[in-house]
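A short write-up of the structure that comes next.
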Protein chains: 4
Amino acid sequence: MTVPTATLLISCPDQRGLVAKFANFIYSNGGNIIHADQHTDFASGLFLTRIEWQLGGFNLPRELIGPAFNAIAQPLQAEWRLHFSDKIPRIAIWVSRQDHCLFDLIWRQQAKEFSAEIPLIISNHTDLKAVGEQFGADFYHLPITKENKAEQEAKQLELLRQYNIDLVILAKYMQVLSTDFISQFPQIINIHHSFLPAFAGAKPYHKAHERGVKIIGATAHYVTPELDAGPIIEQDVVRVSHRDSIADLIRKGKDLERFVLARAVRLHLRHQVLIYDNRTVVFA
Amino acid sequence: MTVPTATLLISCPDQRGLVAKFANFIYSNGGNIIHADQHTDFASGLFLTRIEWQLGGFNLPRELIGPAFNAIAQPLQAEWRLHFSDKIPRIAIWVSRQDHCLFDLIWRQQAKEFSAEIPLIISNHTDLKAVGEQFGADFYHLPITKENKAEQEAKQLELLRQYNIDLVILAKYMQVLSTDFISQFPQIINIHHSFLPAFAGAKPYHKAHERGVKIIGATAHYVTPELDAGPIIEQDVVRVSHRDSIADLIRKGKDLERFVLARAVRLHLRHQVLIYDNRTVVFA
Amino acid sequence: MTVPTATLLISCPDQRGLVAKFANFIYSNGGNIIHADQHTDFASGLFLTRIEWQLGGFNLPRELIGPAFNAIAQPLQAEWRLHFSDKIPRIAIWVSRQDHCLFDLIWRQQAKEFSAEIPLIISNHTDLKAVGEQFGADFYHLPITKENKAEQEAKQLELLRQYNIDLVILAKYMQVLSTDFISQFPQIINIHHSFLPAFAGAKPYHKAHERGVKIIGATAHYVTPELDAGPIIEQDVVRVSHRDSIADLIRKGKDLERFVLARAVRLHLRHQVLIYDNRTVVFA
Amino acid sequence: MTVPTATLLISCPDQRGLVAKFANFIYSNGGNIIHADQHTDFASGLFLTRIEWQLGGFNLPRELIGPAFNAIAQPLQAEWRLHFSDKIPRIAIWVSRQDHCLFDLIWRQQAKEFSAEIPLIISNHTDLKAVGEQFGADFYHLPITKENKAEQEAKQLELLRQYNIDLVILAKYMQVLSTDFISQFPQIINIHHSFLPAFAGAKPYHKAHERGVKIIGATAHYVTPELDAGPIIEQDVVRVSHRDSIADLIRKGKDLERFVLARAVRLHLRHQVLIYDNRTVVFA
């Protein structure tokens, strides 16, 4: 599918005729819808939809699609975002010492499972410096202490701007971001090594072992100021038993973390995730 | 959701404007779409969609919806089916000796997981006679031999007509239906106790044990003349090990069979399954 | 396997020769071990084992097996329990209004998935009175209020004694048992409708929906004074999406609850569960 | 656990006293058993066991353990294999064009999930030459045609001898090995990209898509002369839907293949797999 497409993610108060209105907008301008999905949240009275159409043959030039759609959206009190599939997003991967998620993301990007560039790696340690360089990304070592955190976050924000980053992936980055940072750069996906909301915070595998659970999990979510409480994109689990030591949980969890994070990133990059009310609609 | 709804299941050659045309048909007649899902099979060039809307406030009387939609469908070479949610389907459950799927279906119907009536139970054995009677369904014992099969199938077809049956569920009915029977009554769902196409035919758990597989499965599918080769609606699996004897596989399999069959029946009864090309699109 | 067996569940400080000593005890008395499983918890320095052997041909009469084994166990500081497979346990099922776990347990008992008798059903509601009677169990309605709780628990304990009950199953019994009750009758299995420790306490499906999780779970555990914090026997999960309303979570959860509770009960009744340190070793 | 251990994998006709005899052999020589697991296959009358004990403090020197144990094993008609945990196995990975399993195995070896050396990579293509070299393994390009197959297999066998290889992993090596090759080097694990026995042979994802299955799988098995019919070590599955094209099945399957192969290799390398009767007992 190398033909470029446009995707609209829309949420608005539910009312009659929404599907027809949005579809007519595409059709009357000569567009060919290839995916359309919708969801009505009856409890909150919201209509949420994702529409993807081929840009080939579409009459409106790209820069006019947004303004033209806005004329329809505004009377409906609709919030919307417009994406083009050939706009390649730029990702910064943040890591600490563990390499499994970083390697996995890089492998998937090279295998073209993701359409994205990864020009920047930031870490509070130096362990993975060689990985970044081998792969062609710039690596920045920004160690964090209580004292220098605000200062380092300013540098991080500056790097995100400088590299024109669209998405930060916390790929086992073991530091908590400040509320201020998040408000300035809210496009952040984190992988947490537990089945949230169980075992939020530090050392979830130790806590899981202590509690004697029979299944462990991993959770990919958008980062919000409240720790490990942002909108969940994807989760998965694996069975464990009394034979599994904490080291085994960590080992099994690494596989979970790789997969769950990769699936969440792919969904995000394909504009299949719509956030509302601290939850996600995943159009998959 | 006690408001009655109408559901259209449509398949037609892909072309521009289909979403708009179908949505406009609903909207222009005052309908409120509550679910709309679509799929494009690019390989076969087919567009497949399911649209459900509330009948309250819809301007067309029920008997005119089909003819009116046909005027749109015909130029598009669309095949379509129209269902009303308050038309309660009538089910015949066919069993042999095992009771687990029968009990499970009855429990779900009584728990209102299904909207359906179950007036008729047919069996080639008498073991489950009491279950049917206790539950209020009529039970017919129609034993099958090579010699009487055609004759008994004639009686079975007569019973389906007499009881005005919409769907036959083979809930561990251990007889093969003839091609002739299937052509006369094609609305049949079967549960096969393996992960098809592995272990089609008789004694799948014995074959699975012999092969030493680490996972067993169950498959719910529509019945077609070729044995165990009809369109698959739902499948699921469970892990087994060397510790599991054939009796254990049968026991674990019963749970799978119950769940997989129940999920398939529910999807069918909610008109979420569209068949094409010996495959299903499940709008779930 | 109709030959009666004896099963020893043993935990003791780890040391050399334990497997040999325990196996020699069986062998020297003419026993044939059919299952032997062990686990060493290196962190706590504990050796935990389950040994099952055929009683046919065993030289010691049943009443002497315990005393004879104790002579070996005491110097090793071993804790142990001895069970005979032909001692059929007696179960009391406690319910509130929901019938799915009750029906499922009864069906499995009748299908001989469990070797147990179910002479007693206790409920704080009358909804399931007919189920108990139809099945041949005595049904007692003991409504609970803040004021009468202590009094009703006294009656419940009296019933457990009167019916000679070995195990209480809380099959969606929506009342919390007092610490005093639990100390007097500690053999209690509960099914909690969440993936503990997430969503302990009331209304877990509502909380799960609110949190926007992508997977829900169920947990079977032994009851201890701290609510929903006892040793976990079994857990399982099912995937959910934004399309699932709270009613859907409840519906999907019912299937989970049935399965997870049934698996836990079966493991317990086969003496495959060893509790230590608020955790379980499941020899399966 | 850096203390070296010895592991015995034993199968023999079932009879009284086997657990005691084997445990006594370890204990009487001063060994400390850390894992002991057993299985009785009642249908075939076989007793199968795995015993692992610490070599520290064991009285017998390594070279005498085998002969000493044989004196016990022979009267019991037992087949057995003895392994030492500090004997690091040497692996040859065979690939064609796809890199995902190769990368994954290398990553796990470097992350110490496997205790093994990987000195040799053999391929019938040149695509992955750089990967091998970057990682420090020798890479041999041995293209296969109908005409040169016997000749190339002779070279391959020579390389396996030269590099002193203990295990061949076919990590998406898309050629069939001859019966003659397998008889000369039988220690081979293959990853097949389907849930065997479904879709044996070529192009399983295409066949799965054609059949419209709702779940796809992967299978790791020992290679035997009959194609895709050797003893299964591990299997796993992932859910698919009508939305998944063949390309999506391939993408999802890659993750399955990586995991299933890695788990099988780990089990093999830890001597947790016992083969009998074209099946495996996995002591995990």
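The values are calculated or read from the model by the stated rules, or taken from the named source; none is laboratory data. Fair warning: this is a prediction, and the values are worked out from it, not measured in the lab. Cβ coordinates were reconstructed from backbone atoms using ideal geometry, including for glycine residues, and neighbour counts include every protein chain displayed.
Annotations
- Verdict on B:Ala73 being in a helix (DSSP H, G or I) and away from every other protein chain (no Cβ under 14 Å): yes
- Within the stretch D:184-281, strands (runs of 3 or more DSSP E) holding 1 or more residues that are hydroxyl-bearing (Ser, Thr, Tyr) and under 21 Å from B:Asn278 (Cα atoms): none
- Within the option set B:Asp138, B:Asp127, being in contact (Cβ under 8 Å) with a residue 24 or more places away in the chain, touching a Lys or Arg at 6+ places or on another chain (Cβ under 8 Å), surrounded by fewer than 16 Cβ atoms within 10 Å (Cβ to Cβ) and charged (D, E, K, R) holds for one residue only, B:Asp127.
- Residues of the stretch B:27-41 that are at the interface with chain A (Cβ under 8 Å from one of its Cβ atoms) and of a type outside the set (Ser, Thr, Tyr): B:Gly30, B:Gly31, B:Asn32, B:Ile33, B:Ile34, B:His35, B:Ala36, B:Asp37, B:Gln38.
- Selected residue [more than 18 Å from the chain's Cα centre (by Cα) and within 27 Å of B:Arg263 (Cβ to Cβ)] from B:Phe103, B:Phe139, B:Phe185, B:Phe114: B:Phe139
- All positions within the stretch A:85-113 that are touching a Lys or Arg at 6+ places or on another chain (Cβ under 6 Å) and in a helix (DSSP H, G or I): A:His100, A:Cys101, A:Asp104
- Taking the criterion of being among the aliphatic types (A, V, I, L, M) and more than 9 Å from every other protein chain (Cβ to nearest Cβ), the residues of the stretch D:1-26 that qualify are D:Val3, D:Ala6, D:Leu8, D:Leu9, D:Ile10.
- Restricting the stretch C:200-214 to residues that are surrounded by 16 or more Cβ atoms within 10 Å (Cβ to Cβ) and among the aliphatic types (A, V, I, L, M), the residue that is modelled with the lowest pLDDT: C:Ala200
- The requirement of being away from every other protein chain (no Cβ under 11 Å), among the β-branched types (Val, Ile, Thr) and buried (at least 23 other Cβ atoms within 10 Å of the Cβ) is satisfied by D:Ile189.
- Scanning the stretch D:184-214 for residues that are within 19 Å of D:Arg90 (Cα to Cα) and out of contact with any helix residue (DSSP H, G or I) (no Cβ under 9 Å at 6 or more places or on another chain) yields a single hit, D:Pro186.
- For the stretch B:85-98, a residue qualifies if it is buried (at least 20 other Cβ atoms within 10 Å of the Cβ) and of a type outside the set (S, T, N, Q), and the qualifying residues are B:Ile91, B:Ala92, B:Ile93, B:Trp94, B:Val95.
- Within the stretch A:174-187, not a single residue is under 26 Å from A:Gly201 (Cβ atoms), of a type outside the set (Val, Ile, Thr), touching a residue at least 40 places away in the same chain (Cβ under 8 Å) and touching a Lys or Arg at 6+ places or on another chain (Cβ under 6 Å).
- Residue in the stretch B:145-166 that is within 14 Å of chain C (Cβ to nearest Cβ) and under 26 Å from B:Lys254 (Cβ atoms) present: no
- Residue that is nearest to C:Gly45 (Cα to Cα) [pool: residues in the stretch C:245-269 that are free of Cβ contacts under 8 Å to residues at least 12 places away in the same chain and of a type in the set (D, E, K, R)]: C:Arg251
- Flag if D:Thr280 is under 14 Å from the mean Cα position of the chain (by Cα) and within 19 Å of B:Asp236 (Cβ to Cβ): no
- Of D:Ala43, D:Ala20, D:Ala36, all but one fail to be farther than 30 Å from D:Glu153 by Cα, in contact (Cβ under 8 Å) with a residue 12 or more places away in the chain and outside the structural domain of D:Ala220 (by TED's automatic domain parsing); the exception is D:Ala36.
- Single residue of B:Leu82, B:Leu64, B:Leu18 found to be of a type outside the set (Val, Ile, Thr) and surrounded by 18 or more Cβ atoms within 10 Å (Cβ to Cβ): B:Leu18
- Matching residues in the stretch B:222-239 - criterion: being surrounded by fewer than 22 Cβ atoms within 10 Å (Cβ to Cβ), touching a Lys or Arg at 6+ places or on another chain (Cβ under 7 Å) and within 10 Å of chain D (Cβ to nearest Cβ): B:Pro231, B:Arg239
- Here D:Leu160 clears all of (1) more than 21 Å from the chain's Cα centre (by Cα); (2) outside any strand (DSSP E or B) except the condition numbered (1).
- In the set (1) surrounded by fewer than 23 Cβ atoms within 10 Å (Cβ to Cβ); (2) more than 7 Å from chain C (Cβ to nearest Cβ); (3) within 19 Å of the chain's Cα centre (by Cα), the condition left unmet by A:Thr219 is number (1).
- B:Lys112 away from chain C (no Cβ under 14 Å), of a type in the set (Lys, Arg) and free of Cβ contacts under 8 Å to residues at least 40 places away in the same chain: no
- Taking the stretch A:27-59 as the range and being crowded, with 18+ Cβ neighbours inside 10 Å and either among the polar types (S, T, N, Q) or touching a helix residue (DSSP H, G or I) at 6+ places or on another chain (Cβ under 7 Å) (or both) as the test, the residues that pass are A:Tyr27, A:Asn32, A:Ile33, A:Ala36, A:Gln38, A:Thr40, A:Phe47, A:Thr49, A:Ile51, A:Trp53, A:Gln54.
- Residue within the stretch C:199-214 that is within 11 Å of chain A (Cβ to nearest Cβ), on the phi > 0 side of the Ramachandran plot and without any contact (Cβ under 8 Å) to a residue 40 or more places away in the chain present: yes
- Listed conditions (1) at pLDDT 95 or above; (2) surrounded by 16 or more Cβ atoms within 10 Å (Cβ to Cβ); (3) not basic (Lys, Arg) are all met by A:Asn70, apart from (2).
- Criterion: in the same structural domain as A:Ile250 (by TED's automatic domain parsing) and surrounded by 16 or more Cβ atoms within 10 Å (Cβ to Cβ) - qualifying residue of A:Glu147, A:Glu151, A:Glu117, A:Glu133: A:Glu117
- Scan of the stretch B:7-58 for residues that are farther than 14 Å from A:Ile34 by Cα, in a helix (DSSP H, G or I) and either of a type in the set (Gly, Ala, Ser) or touching a strand residue (DSSP E or B) at 6+ places or on another chain (Cβ under 7 Å) (or both), ordered by number: B:Phe22, B:Ala23, B:Ile26, B:Ser28
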